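Visitor: Take this structure first; my questions come after.
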Amino acid sequence: MAEAIGSAAGAQSLLELRDVAKVFAPRTTFFGRGKSRPVRAVDGVSFDIRAGETLGVVGESGCGKSTVTRCILGIHEVSSGTIRYRDRDGRMIDLTALSEHERLAYCTDLRIVFQDPQASLNPRLPVIDIVGEVLKVNHLLPRSEIEGRVRELLQRVGLRPEYARRYPHAFSGGERQRVGIARALATNPRLVILDEAVSALDVSVRAQTLNLLKDLQQEFGLTYLFVSHDLSVIEYICDRVVVMYVGQIVEIANAADLFARPMHPYTEALLSALPVPDPAFKRRGRRIHLPGEVADPANRPAGCSFHPRCRFATERCKAETPALRSVAGRTVACHHAEDLALQGVNMGSSPEVQHA
Amino acid sequence: MTDATATGGLSPPRRKLVELGQWGLIYRRFRKHKLAYWSGFIVLAIYAVALFAEFVAPYSSDRYNPRYIYSPPQMLKMFGRDQNGDLALLYVNGYKVELDPVALQRRFVIDESRVYPVGFFVKGEPYHLFGLIPAERHLIGPVDPDAPMYLWGTDRLGRDLLSRTIHGTRISMSIGLVGVTISLVLGILLGGISGYYGGWADQAVQRTIDFLKSIPTIPLWMGLAAAIPDRMDPLLVYFWITVILSLIGWTDLARVVRGRFLSLKTEDFVMAARLDGCSRQRVIWHHMVPSFTSHIVASVTLAIPAMILAETSLSFLGIGLKPPVVSWGVLLKDAQSLLALTQAPWLFLPGIPVVVAVLALNFLGDGIRDAADPYS
Ligand SMILES: Nc1ncnc2c1ncn2[C@@H]1O[C@H](COP(=O)(O)OP(=O)(O)OP(=O)(O)O)[C@@H](O)[C@H]1O
Ligand code: SF4
Ligand SMILES: [Mg+2]
C-alpha cells in the first residue's frame with residue numbers, strides 16, 4: 001500500500017522510506033523501576049524523495065522530523081522498516097541493512113546541514129579543517145589539494161576564500177551557516193538534508209541563505225530534504241511537502257496544492273497560523289485554534305492521534321487509525337478527508353493573488 | 001550579501017584575532033587575568049627551585065653544625081665592614097651565647113659586632129646537579145664556607161632551615177605532580193569510558209566513585225598511610241603516599257571528563273564528524289578531547305595544591321614521609337613541640353612556601369579555568 005502512495009509516477013526516486021519506525025527504549029533507572037514508556041518517535045513513515053526535488057517535512061516540535069533525518073543518515077538505527085537509496089549506478093541499496101562500516105561508502109552522498117550553525121562547527125578547528133575533514137578522512141583528495149578545494153567551496157557559498165584559516169568564532173551566524181553548507185557540499189553529494197537549516201538565522205539572512213540554497217541546487221543538481229516547522233519557509237523552497245504529526249505522516253502533497261487546499265485538519269490548522277504576507281489580502285478563514293497539547297509520542301491517543309484536537313473528530317476517529325490513502329489525487333490520513341472543505345492560504349507569491 | 005562581506009576589510013590586528021585558535025584565545029584571556037598570570041610565574045619559579053635545589057640552597061639538606069643549635073634567623077644586611085675593615089656589600093652578623101636569666105637557659109642571640117660577608121655564586125659544598133654534573137657554586141652563601149649563615153635559623157641538630165626547605169621543595173612539589181599524573185591517567189581513562197560508552201561501564205565507574213567519595217578522606221589516608229611498613233625504603237614510601245593521594249584525586253577528574261564526554265557526544269559538531277566518516281578514534285581524539293583539554297589542565301592545576309596539602313598534613317602528623325626524606329611536611333613536624341612555639345618559632349617558616357605554592361597554584365588554576373572557555 002505504502003509503495004503505491006509514497007511514490008508518485010514520473011521522476012525517479014533517490015531515496016525510499018518504507019514503514020520506518022524508531023522507538024526509543026525507556027530509560028532504565030538505577031533501581032530498575034522507571035515508569036517511562038518507550039517513545040515511538042517515528043511510527044510507520046513511508047515516503048520517497050525524488051531526484052532533483054526539494055521535499056519539505058513539516059510538523060510541530062517533537063513530531064519526529066529530526067528522528068527521520070537521523071534514521072536516514074544512520075545516526076539512529078531504525079527499529080523497523082527500510083530506507084533504500086539509489087546509488088550512482090542505479091542500484092537500490094537498503095541502508096538499514098548495512099553495517100556501520102559499509103555505510104561509510106554513502107556518507108559522502110548523503111550530507112546534512114545542521115540547525116544551529118554555532119553548535120555544528122567545532123570551535124577548536126579552523127574552517128579549512130572543518131570543511132576539509134570529510135575530504136581528508138575519506139581520502140577524496142590528496143592533502144595538498146584540500147586547501148584549494150575548501151577555498152573554492154567557500155567562494156561558492158559566498159564567503160571569501162581567505163576565510164579558510166579563520167575559526168568559527170570570527171563569523172556571523174549567517175556566515176557560519178554558509179560554512180556548514182560548504183561542508184555539506186564538499187563531497188559533491190546527491191542528497192542534502194537541511195534540518196531546520198535556516199531556523200536559527202535572522203529573517204534577512206534567512207532569505208539570503210534560502211536563495212543561496214536554491215542557486216546551489218540548480219548548479220549542482222542537488223536533492224534536498226528540507227525539515228522545518230516554519231511553513232512560510234517550506235512554501236518558499238519546497239516542491240512537495242510531508243506533514244507529520246506525532247511520528248506519523250498525515251499528508252503528502254505538492255507544495256502549491258497543500259497551501260491552496262489542505263486535505264488534513266492538522267495541515268489546515270498549521271496553515272491558519274501562518275502570517276499573511278500582504279495585509280491587503282485578508283485570510284480566507286479565521287485562525288484555527290488547536291486545543292490541547294501535542295500528543296505524547298510515548299502515549300499516543302487511540303484511533304487517529306489527532307482526534308483530541310480535531311474539530312471534525314467522530315466516534316470512528318477515536319477507535320480506528322486512519323491509514324495514509326489516496327483521496328481525489330491527494331495523499332492524506334484522515335477518515336473524513338473527502339467530506340471536509342478545509343481552508344488554505346493565499347501566499348503572496350501565488351499568481352492567483354497577483355491577479356486578484 | 002552584506003552578511004558575507006561584513007567582516008571583509010579587517011585591520012591587521014583584528015585579522016590576527018580571527019585566525020587565533022583555541023590556545024591563542026585562551027592565552028589572550030589568561031593574560032588579562034593578572035593574578036593568575038603572575039601566579040603562573042611564581043609556580044614556575046617554585047618548580048625551578050625544586051629542579052635546581054642543590055644550587056639554590058646554600059648548604060646540603062643534611063649538613064649540621066652542633067655549635068649552632070636552634071640559632072635564630074639572621075637578617076641579610078648591606079654595606080658593612082668585616083674584621084679586616086674591608087667593605088662587605090652583603091653580610092650577616094654572627095651569634096653569641098647568652099644565658100637567659102629567667103629560664104636559666106643558654107641561647108643564641110645575634111652578635112652585631114661580627115660581620116660575615118655573603119656573596120652570590122660563591123663556592124661552597126660540592127654537589128652534583130641533577131645527580132650528574134659536579135659543581136660547587138651556590139646561588140647564595142657565606143664567602144667563607146665555614147662562616148655561619150642561617151637566614152631562616154637552624155633546627156635541633158644545627159641544620160640550616162632555609163636549605164632544608166629549599167631541598168624539601170623537590171619532594172613536596174613533585175609529589176603533587178606525580179600524584180596528579182596518576183589521577184589524570186585514571187580519571188581520563190575511566191571517565192572517558194564512563195562518558196563515551198555509558199551503560200553498565202558507566203554505572204560501575206560511577207558507583208566506584210560514589211563509594212570512594214563516601215569514605216571520609218582523612219581516616220582513609222591515615223589508615224592507608226599507617227599501613228606502610230616503617231622500615232620501607234623512603235623512595236617506596238614516597239611512591240605509596242602518592243598512590244594513596246591520587247586514589248582520591250582521580251574521582252573528581254573522572255567526573256569532569258565524563259561530564260564533558262556526555263555533553264559533547266550529542267553535540268552537533270561531533271555528530272558532523274561522525275557523518276564525515278571519521279573513525280571512532282578520530283572522533284574522540286581529534287574532535288572531542290581538544291575541546292576539554294583546557295578544562296583538564298585547569299582541574300589538574302587545582303588538584304596539585306590539594307595533593308601538596310595532603311602530603312604536608314600526613315607528614316606533619318608523622319604518618320606520611322619520614323626523615324631522612326626532606327619535605328615541607330617533614331620539616332613542619334619539627335615545629336610541633338611546645339618548645340618550638342616559645343623558643344624557636346622560626347621552625348614554622350617552612351609553612352610559608354606551602355601557603356605560597358598552594359595559593360599560587362589555586363590562582364593559576366582558577367585563571368586557566370576562567371580562560372578555558374573562550375566562547376562563554
Ligand atoms: N535520543 C533520544 N532518546 C529518547 N527520545 C528521543 C531521542 N531523540 C528524540 N527523542 C524523542 O522523540 C521525539 C521526536 O523528536 P525529534 O527530535 O525527532 O522531533 P522534531 O520533530 O525534530 O522536533 P523539533 O522541531 O523540536 O526539532 C520527541 O518526543 C523526543 O523527545
Ligand atoms: S481522522 Fe478524524 S480525528 Fe483524525 S484528522 Fe480526520 S477527522 Fe480529525
Ligand atoms: Mg528537530
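Visitor: Give just the number: which of (1) in contact with a Ser or Thr (Cβ under 8 Å, 6 or more places away or on another chain); (2) open to solvent by 30 Å² or more (accessible area, probe 1.4 Å) does residue B:323 not satisfy?
Guide: Only one criterion is unmet by residue B:323, namely (1).
Visitor: A further question on this structure: Could you tell me which residue of region B:41-58 is nearest to residue B:154 (Cα to Cα), considering only residues that are in contact with a strand residue (DSSP E or B) (Cβ under 8 Å, 6 or more places away or on another chain) and either open to solvent by 10 Å² or more (accessible area, probe 1.4 Å) or aliphatic (A, V, I, L, M) (or both)? Talk me through it step by step, then tell me what you get.
Guide: As a first pass, look at region B:41-58 and keep what is in contact with a strand residue (DSSP E or B) (Cβ under 8 Å, 6 or more places away or on another chain): B:52, B:54-58.
Filter once more, so that each one left must be either open to solvent by 10 Å² or more (accessible area, probe 1.4 Å) or aliphatic (A, V, I, L, M) (or both): B:52, B:54-57.
On the way: B:52: 22, B:54: 18, B:55: 19, B:56: 17, B:57: 14 Å.
Taking the candidates together, the pick is B:57.
Visitor: While we're on this one: What about residue A:293, is it more than 9 Å from ligand 2 (Cβ to nearest atom) and at pLDDT below 80? Walk me through how you get there before you give the answer.
Guide: Working: more than 9 Å from ligand 2 (Cβ to nearest atom): yes; at pLDDT below 80: yes.
Spelling it out, residue A:293 is indeed more than 9 Å from ligand 2 (Cβ to nearest atom) and at pLDDT below 80.
Visitor: How many residues are touching a strand residue (DSSP E or B) at 6+ places or on another chain (Cβ under 8 Å) and over 15 Å from residue B:348 (Cα atoms) if we restrict to region B:70-84?
Guide: Taking region B:70-84 first, the residues touching a strand residue (DSSP E or B) at 6+ places or on another chain (Cβ under 8 Å) are B:70-72, B:74-83.
If we keep only those that are over 15 Å from residue B:348 (Cα atoms) too, we end up with B:74-83.
So the count comes out to 10.
Visitor: Scan region A:59-76 residue by residue and report those that are on the phi < 0 side of the Ramachandran plot, more than 8 Å from ligand 1 (Cβ to nearest atom) and open to solvent by 10 Å² or more (accessible area, probe 1.4 Å).
Guide: A:73, A:75
Visitor: Taking region A:42-62 as the region of interest, how many residues are under 19 Å from residue A:294 (Cα atoms) and either in a strand (DSSP E or B) or in contact with a Lys or Arg (Cβ under 7 Å, 6 or more places away or on another chain) (or both)?
Guide: Looking only at region A:42-62, we keep the residues that are under 19 Å from residue A:294 (Cα atoms), and these are A:42-45, A:57-62.
Remaining after also requiring either in a strand (DSSP E or B) or in contact with a Lys or Arg (Cβ under 7 Å, 6 or more places away or on another chain) (or both): A:42-45, A:57-59.
Residues meeting the conditions: 7.
Visitor: Further, regarding this structure: Considering only region B:115-138, how many residues are without any contact (Cβ under 8 Å) to a residue 12 or more places away in the chain and open to solvent by less than 100 Å² (accessible area, probe 1.4 Å)?
Guide: 3
Visitor: If I filter region A:219-230 for residues that are open to solvent by 20 Å² or more (accessible area, probe 1.4 Å), within 16 Å of ligand 3 (Cβ to nearest atom) and under 16 Å from the mean Cα position of the chain (by Cα), do I get at least one hit?
Guide: Here is the first cut: in region A:219-230, the ones open to solvent by 20 Å² or more (accessible area, probe 1.4 Å) are A:219-221, A:229-230.
Of the ones still in play, those that are also within 16 Å of ligand 3 (Cβ to nearest atom) are A:229-230.
Checking the rest, the ones that are also under 16 Å from the mean Cα position of the chain (by Cα) come to A:229-230.
Looking through region A:219-230, at least one residue is open to solvent by 20 Å² or more (accessible area, probe 1.4 Å), within 16 Å of ligand 3 (Cβ to nearest atom) and under 16 Å from the mean Cα position of the chain (by Cα).
Visitor: Condition first: closer than 30 Å to residue B:312 by Cβ and either in contact with a Ser or Thr (Cβ under 6 Å, 6 or more places away or on another chain) or surrounded by 14 or more Cβ atoms within 10 Å (Cβ to Cβ) (or both). Now tell me which residues in region B:182-204 satisfy that. It would help to see each step written out before you state the result.
Guide: Narrowing region B:182-204 to residues closer than 30 Å to residue B:312 by Cβ: B:182-191.
Passing the criteria: B:182, B:183, B:184, B:186, B:187, B:188, B:189, B:190, B:191.
Visitor: Somewhere in region A:300-307, is a residue open to solvent by 80 Å² or more (accessible area, probe 1.4 Å) and more than 16 Å from ligand 3 (Cβ to nearest atom)? Walk me through how you get there before you give the answer.
Guide: To start, the set of residues in region A:300-307 that are open to solvent by 80 Å² or more (accessible area, probe 1.4 Å) comprises none.
No, region A:300-307 contains no residue that is open to solvent by 80 Å² or more (accessible area, probe 1.4 Å) and more than 16 Å from ligand 3 (Cβ to nearest atom).
Visitor: Looking at region A:310-327, which of its residues are in contact (Cβ under 8 Å) with a residue 40 or more places away in the chain and either crowded, with 18+ Cβ neighbours inside 10 Å or over 23 Å from the mean Cα position of the chain (by Cα) (or both)?
Guide: In the first step, residues of region A:310-327 are kept if they are in contact (Cβ under 8 Å) with a residue 40 or more places away in the chain; the result is A:310-312, A:323-327.
Result: A:310, A:311, A:312, A:324, A:327.
Visitor: Within region B:269-284, restricting attention to residues that are open to solvent by 30 Å² or more (accessible area, probe 1.4 Å) and among the charged types (D, E, K, R), which residue is nearest to the chain's Cα centre (by Cα)?
Guide: In this case the residue turns out to be B:282.
One line per residue, one yes/no per condition, for (1) assigned by TED's automatic domain parsing to the domain that holds residue B:365; (2) over 24 Å from residue B:168 (Cβ atoms); (3) among the small types (Gly, Ala, Ser):
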{"site": "B:235", "(1), (2), (3)": "yes, no, no"}
{"site": "B:281", "(1), (2), (3)": "yes, yes, no"}
{"site": "B:288", "(1), (2), (3)": "yes, yes, no"}
{"site": "B:294", "(1), (2), (3)": "yes, yes, yes"}
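Visitor: Would you check if residue A:102 is free of Cβ contacts under 8 Å to residues at least 24 places away in the same chain and either away from chain B (no Cβ under 13 Å) or closer than 22 Å to residue A:72 by Cα (or both)? Full working, then the answer.
Guide: Details: free of Cβ contacts under 8 Å to residues at least 24 places away in the same chain: yes; either away from chain B (no Cβ under 13 Å) or closer than 22 Å to residue A:72 by Cα (or both): yes.
Here the answer is yes, as residue A:102 does meet what is asked.
The values are calculated or read from the model by the stated rules, or taken from the named source; none is laboratory data. Keep in mind that this is a model prediction, so the values were computed, not measured. As a convention, Cβ positions derive from the backbone with ideal geometry for all residues, glycine included, and neighbour counts pool all protein chains shown. We work out accessible area using only protein heavy atoms, side chains counted, and drop any ligands, DNA or RNA first. Shrake-Rupley method; radii C 1.70, N 1.55, O 1.52, S 1.80 Å.
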